[in-house]
Amino acid sequence: PSSVGTSASQGKAIGFTLKEQIFIERGEIAGLANEMPPKVSMRMRVSLFWLGNRPLLKGKQYLLKLGTARVKIQVEEIIQVINAAEVTIDAEKEQIDLHDVAECVLSTQRSLAFDLTETLADTSRFVIVDEYEICGGGIILESLPDSQMKMREEKQLRDLKWIKSGVSS
């Protein structure tokens, strides 16, 4: 039996109706108007750990899962790698090996909504899949500028304020 209520708790599936119809894709995040909105970007600085037998390589395509979102990613830059066995830091390493912890820049195939780990940890955690196997995971530390940033800002401004068009009635 279905029940109508005004609250929900963690782990419960809920549904709600908006006054205005909008298109929502899998993995998008809703928030209250009076709360800080999530970040949206195609680039992010992350801290990750690698458990895959094959190394994590720059330029190779992987699948990132964050909540219900699924997006293809590539490692754009490896900032530094910590070898957990020897507890050494390597800023020159070009791949991330089994049991390494690394700080990297990831590029996604499409825009992804997320929070930073310092703001809301649950929607900043992700796993990385390599050939159908979960091989790593991590947290998002920073949202970085991307090629679609200006377009998203303009769209958000159009959603909030009416902008006069050059097209006559």
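May I ask you to say which residue of Asp115, Asp122, Asp100, Asp90 is touching a strand residue (DSSP E or B) at 6+ places or on another chain (Cβ under 7 Å), under 26 Å from Gly27 (Cα atoms) and not hydroxyl-bearing (Ser, Thr, Tyr)?
Asp115
So that you can scan it fast, the table gives a plain yes or no per residue for (1) in a loop (DSSP other than H, G, I, E, B); (2) of a type in the set (Asp, Glu); (3) surrounded by 10 or more Cβ atoms within 10 Å (Cβ to Cβ); (4) at pLDDT 80 or above:
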{"site": "Thr6", "(1), (2), (3), (4)": "yes, no, no, no"}
{"site": "Gln10", "(1), (2), (3), (4)": "yes, no, no, no"}
{"site": "Pro37", "(1), (2), (3), (4)": "yes, no, yes, yes"}
{"site": "Ser41", "(1), (2), (3), (4)": "no, no, yes, yes"}
{"site": "Gly52", "(1), (2), (3), (4)": "yes, no, yes, yes"}
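Could you say which residue among Thr117, Thr68, Thr88, Thr123 is among the polar types (S, T, N, Q), under 25 Å from Gly11 (Cβ atoms) and exposed (fewer than 14 other Cβ atoms within 10 Å of the Cβ)?
Exactly one residue qualifies, and that residue is Thr68.
Does Ala102 qualify as being at pLDDT below 95, open to solvent by less than 50 Å² (accessible area, probe 1.4 Å) and aliphatic (A, V, I, L, M)?
Here the answer is no, as Ala102 does not meet what is asked.
Between a residue in region 58-78 that is outside any strand (DSSP E or B) and any residue that is not hydrophobic (A, V, I, L, M, F, W, C), which pairs come within a Cβ distance under 7 Å, given they are 6 or more apart or on different chains?
From region 58-78, the pairs are Gly59/Gln74; Lys60/Gln74; Gly67/Gly27; Gly67/Thr123; Thr68/Arg26; Thr68/Gly27.
The values are calculated or read from the model by the stated rules, or taken from the named source; none is laboratory data. These figures come from a predicted structure and were not determined experimentally. Using ideal geometry, Cβ is built from the backbone for each residue, glycine included, and neighbour counts are taken over all protein chains shown. The area values use the complete protein model at the heavy-atom level, side chains included, leaving out ligands, DNA and RNA. Shrake-Rupley method; radii C 1.70, N 1.55, O 1.52, S 1.80 Å.
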